[in-house]
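First up is the structure itself, then whatever we jot down about it.
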Amino acid sequence: MNSDWYILRTRLGSWFSRLMAMTAKELIQFGRDTLLLFAIVYLFVFDTYMAGNITMQLNKAVVVVHDADHSAASRELIYRFRQPYFKLGGEVLDNHAGQRLLDQGRALVVLDIPPDFAHDIKKGTSVDVQVQVDASNAVLGFLASSYTAQIIGQYGFDQALTSLGIDERALENVPMVRNEYRVWYNPNQKDTWFMPISELLVVITIMGIMLPAAAAVREKERGTIEQLLVSPLTPIQILLSKVIAMTVVILLGTAMSLFFVLHGVFAVPMKGSLILFFAVTTIYSFTTAGLGLYIATLSRNLAQAALLAILVLMPMIFLSGAWTPPEAMPMGLRQAMYISPLFYFIEMGYAILLKGAGLDILWDSLLGLALLGGLIFGFGVWRFRRQFK
Amino acid sequence: MNSRRIFAVAYKEWREIVRDRLFLSLAFVVPVSLMLIFGYGINLDVEHIPFAVVDHDKSALSRDYLHRYIDSRYFAYQGDLASEREIGPLLADSRIRLAIIIPPRFEENLMAGRSVAIQTLIDGTFTFRTSSSKGYVIAINAAFNSELLGNYISQRLGIPLETAREMAQPVTAELRYMYNQEIKSVWSIATVLMMFVLMITPPFLTALGVVREKENGSIYNIYASTVTRGEFLIGKLAPYVGISILNILILWLMVARLFGAPFKGDPLFFFLASVIYVICTTGIGLLVSLLVRTQVAAMMMTVVVTVVPSVLYSGLLVPIASMDPAGQFEAHLFPAMYYTDIILGSFLKGVGMEQLWGKVLALLIYAIVLWTASFLMFHKRPKS
């Protein structure tokens, strides 16, 4: 009994020590490639930093005006197009000139204020202000038209109140609904909080698929896999060591990015448990490693592996829910989002870091990721082992 | 330069590509599938925002107010909540992204001619979605207010409702969307995707193709041969440029036919500009391949210099005009942005050479710099 236990223990011990030796070999090999290291550090640190400087808000969009009225009223409207959203780009003499500025991309919005603008407002008849918006970029076009409509609507409302002789103090006694907004989790809607997190999660995904795939295909391409196969290592050890080594690299990179860039530079509030975040990242990293290993079994050289990785990566990134809300997706693609591991990772990443959510809220997403991860990783391992038979 | 030797190198590379069936098919499958997935998949229109309601008033007027959200296609009603306490967990779990709280005596106060404050809670995690939702809420609220004000004027001044409504809304905005009449994000995205796909695939093909020779050692055949470095680079890359030119035509056809984006510009101009762009992106791959020794490093470096900037700095998702100066400066460093302008100009705006020559020139300079740098960095007698 006792000796059985002893044998088992030594076997397990040597199994683990072999696994660790292989993992160490992977890490050493990785560390010797200076440019590869540079690329990894760049992606985790500088890239997330650069992403933080990008904003999706309307920022000083150029508005040009064709003012046919030149009255105090028209000027008041024009001056409401202010920074940060808008910037006045001057006046044009006719609509044609405005059109040309739009064509050249030098203006985003052209306002056309009709003659008799002030006169008609005073009389109480409705005036139309023509607005042309460059919508070739859907995001900008949408924001610009939305803000323009708000500004003009508010202006009209104020004019109506003035002509009725209601001033601001009497506003309490006008029946109207004042909508008070509160934006949660990111009160000032800082893109410096949104963008770096999304970028970090995407970088983790890119690494998580490409590094294990490359580590596995490289041995095949160079022929060193034959050496490993005649060694006392089992296929599982060969494969696990690669996955573990790459996961270590990813976790280190994540920690650097999280502490130096997200927390250090952008002061992203780390509301939730960091242990939970790293645990989720580890599970996710194993999931993507499964995908990477599967890619490795399909390809004979790295060029093939890289193209296959892109084919898997890009849909994952765009179906992740960071850019495109799942609610607005057409049927079919929406279902496809639920089988993308990045969807769960994004959901949980933001929830932990910004919302401070814990396991009590995230258990279902975590379960989804774990199930999906187990399935994908198992499949990758099965395929990888099969090619040695 | 000896054209026979260039041809020989190109032919050797071509045979190698053709024999690697998986690689050859991926060289065409990847661009097409990226186009398909994104063209149908990216929908930046913010719609069906899930929201919940806490209605403390439960009056006819509060229902009327809330129904303006419930019936809108921008919002998806998820039900009534009994109290504010239930909102927190739902928002944290992303089951709802917005909640509206109507205070008690909402109807009573409005009927008595007093203003009422309601509360809207918005999930601020995804910032673009937040500002869109806020825009919709403000618009719906403003429409409701101007109706209320119209009724109020009509009662106070004793004038017909029609006139009163007009007085309540003396200025209206008539919005016209240029270039993309229905703000279809599919148009603006499918066109820009051409830039994206042609930015990513050529460098990968090139970088890995060249580094493979370095890593396998087969490059020593070249070092030992009579082929000069210029001949080698041109011959080696010609097949990849050829594949990418074929991809230009395929993608162009997809954008125009499949996604129905109108092509208003000059086809010849657009084709030539695209070829210059492809030569440029191939050059990026070439430069990467000369910097690194291993294919893994080539792969990651290509990600660094192509995938990331073309997502962030090309105007695909984030408009460049709205970046801060640092971001705009970085955007100008990548060729993607110039080509994006050429695509949008040619497809949606119908402007040609006279407006876009500057961008083409920028691409050309970019291509020349990349190829010259690669030429200077490539040696037939490597140091180590």
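Only one entry in A:Leu240, A:Leu252, A:Leu262 is away from chain B (no Cβ under 14 Å), closer than 17 Å to A:Tyr49 by Cα and buried (at least 16 other Cβ atoms within 10 Å of the Cβ), namely A:Leu262. With respect to the conditions (1) part of a loop (DSSP other than H, G, I, E, B); (2) touching a residue at least 60 places away in the same chain (Cβ under 8 Å); (3) out of contact with any Lys or Arg (no Cβ under 9 Å at 6 or more places or on another chain), A:Asn188 falls short on a single one, namely (2). Hey, does the range B:11-18 have a residue that's touching a helix residue (DSSP H, G or I) at 6+ places or on another chain (Cβ under 7 Å) and farther than 30 Å from B:Thr228 by Cβ? No, the conditions are met nowhere in the range B:11-18.
A:Ala213: assigned to a helix (DSSP H, G or I) and surrounded by fewer than 24 Cβ atoms within 10 Å (Cβ to Cβ), yes or no? No. Hey, any hits in the range A:30-47 for a residue that's at pLDDT below 90, away from every other protein chain (no Cβ under 11 Å) and surrounded by fewer than 15 Cβ atoms within 10 Å (Cβ to Cβ)? Yes, that holds for at least one residue. Applying a threshold of 8 Å to beta carbon distances and a minimum spacing of six or more residues, or different chains, the list of pairs starting in the range A:88-108 at a residue that is assigned by TED's automatic domain parsing to the domain that holds A:His70 and free of Cβ contacts under 8 Å to residues at least 60 places away in the same chain and ending at one that is exposed (fewer than 13 other Cβ atoms within 10 Å of the Cβ) and of a type in the set (Val, Ile, Thr) is empty.
Scanning the range B:223-233 for residues that are surrounded by fewer than 18 Cβ atoms within 10 Å (Cβ to Cβ) and either within 22 Å of B:Leu287 (Cβ to Cβ) or touching a Gly at 6+ places or on another chain (Cβ under 6 Å) (or both) returns B:Tyr223, B:Thr228, B:Arg229, B:Gly230. Evaluating B:Leu34 against the criteria (1) surrounded by 15 or more Cβ atoms within 10 Å (Cβ to Cβ); (2) touching a residue at least 60 places away in the same chain (Cβ under 8 Å); (3) out of contact with any strand residue (DSSP E or B) (no Cβ under 8 Å at 6 or more places or on another chain); (4) over 20 Å from A:Thr324 (Cβ atoms) leaves one unmet condition, (4). Among the residues making up the range A:120-146, those that are more than 7 Å from every other protein chain (Cβ to nearest Cβ) and either in contact with a strand residue (DSSP E or B) (Cβ under 9 Å, 6 or more places away or on another chain) or among the polar types (S, T, N, Q) (or both) are A:Asp120, A:Ala144. The criterion of at least 3 residues that are aliphatic (A, V, I, L, M), within 14 Å of another protein chain (Cβ to nearest Cβ) and in contact with a Leu (Cβ under 9 Å, 6 or more places away or on another chain) is met by the following helices (runs of 4 or more DSSP H) wholly inside the range B:222-334: B:295-302. Out of the range A:13-57, which residues are β-branched (Val, Ile, Thr), touching a residue at least 24 places away in the same chain (Cβ under 8 Å) and either in a helix (DSSP H, G or I) or out of contact with any Leu (no Cβ under 8 Å at 6 or more places or on another chain) (or both)? A:Thr23, A:Ile40, A:Val41, A:Val45, A:Thr48, A:Thr55, listed by residue number. Taking the range A:334-389 as the range and being in contact with a helix residue (DSSP H, G or I) (Cβ under 6 Å, 6 or more places away or on another chain), closer than 15 Å to A:Met316 by Cβ and of a type in the set (A, V, I, L, M, F, W, C) as the test, the residues that pass are A:Met337, A:Leu342, A:Phe343, A:Phe345, A:Ile346, A:Leu369, A:Leu372, A:Ile376. Reported count of residues in the range B:96-107, each being out of contact with any Pro (no Cβ under 7 Å at 6 or more places or on another chain) and more than 14 Å from B:Asp57 (Cβ to Cβ), is 2.
Can you confirm whether the range B:132-140 contains a residue that is within 39 Å of the chain's Cα centre (by Cα), in a loop (DSSP other than H, G, I, E, B) and aromatic (Phe, Trp, Tyr)? No, there is no match, as no residue in the range B:132-140 is within 39 Å of the chain's Cα centre (by Cα), in a loop (DSSP other than H, G, I, E, B) and aromatic (Phe, Trp, Tyr).
Pull out all pairs, ordered by first then second residue, where Cβ-Cβ is under 6 Å, the residues are six or more apart or on different chains, the first lies in the range B:242-267 and is assigned by TED's automatic domain parsing to the domain that holds B:Gly352, and the second is among the polar types (S, T, N, Q) and surrounded by 15 or more Cβ atoms within 10 Å (Cβ to Cβ). Within 6 Å, the pairs are B:Ile248/B:Ser274; B:Val255/B:Thr191; B:Ala261/B:Thr191; B:Gly265/B:Ser346. Just one of the listed residues (B:Gly217, B:Gly260) is exposed (fewer than 15 other Cβ atoms within 10 Å of the Cβ) and under 29 Å from B:Ile17 (Cβ atoms), namely B:Gly217. Only one entry of B:Lys380, B:Lys359 meets the criterion of being under 27 Å from B:Glu231 (Cβ atoms), in contact with a helix residue (DSSP H, G or I) (Cβ under 6 Å, 6 or more places away or on another chain) and of a type in the set (Lys, Arg), and that entry is B:Lys380.
Residue check: is A:Ile197 touching a Phe, Trp or Tyr at 6+ places or on another chain (Cβ under 9 Å), more than 8 Å from every other protein chain (Cβ to nearest Cβ), under 28 Å from A:Asn59 (Cβ atoms) and not basic (Lys, Arg)? Yes: the conditions hold for A:Ile197.
None of A:Ser136, A:Ser145 is under 32 Å from the mean Cα position of the chain (by Cα) and at pLDDT below 80 except A:Ser136.
Within the range B:138-174, being modelled with pLDDT under 80, buried (at least 20 other Cβ atoms within 10 Å of the Cβ) and either under 13 Å from A:Val174 (Cβ atoms) or facing chain A (nearest Cβ under 8 Å) (or both) holds for B:Met167, B:Ala168, B:Gln169, B:Pro170, B:Val171. Condition test on B:Leu193, is it assigned to a helix (DSSP H, G or I) and either among the small types (Gly, Ala, Ser) or facing chain A (nearest Cβ under 7 Å) (or both)? No. Selection of first residues in the range B:117-141 that are free of Cβ contacts under 8 Å to residues at least 40 places away in the same chain and charged (D, E, K, R) and of second residues that are surrounded by 19 or more Cβ atoms within 10 Å (Cβ to Cβ) and part of a helix (DSSP H, G or I), restricted to Cβ pairs under 7 Å at least 6 apart or on distinct chains, gives the following pairs, ordered by first then second residue: B:Asp123/B:Leu91; B:Asp123/B:Thr130. The residues in the range A:335-361 that are surrounded by 16 or more Cβ atoms within 10 Å (Cβ to Cβ) and within 18 Å of B:Phe126 (Cα to Cα) can be counted, and the count is 16. Checking each residue in the range B:11-70 for being at the interface with chain A (Cβ under 10 Å from one of its Cβ atoms) and among the acidic types (Asp, Glu) picks out B:Asp20, B:Asp45, B:Glu47.
The values are calculated or read from the model by the stated rules, or taken from the named source; none is laboratory data. What you see is a predicted model; the values in this text were computed from it and never measured. FYI the Cβ positions are ideal-geometry reconstructions off the backbone, even for glycines, and counts take in every protein chain you see.
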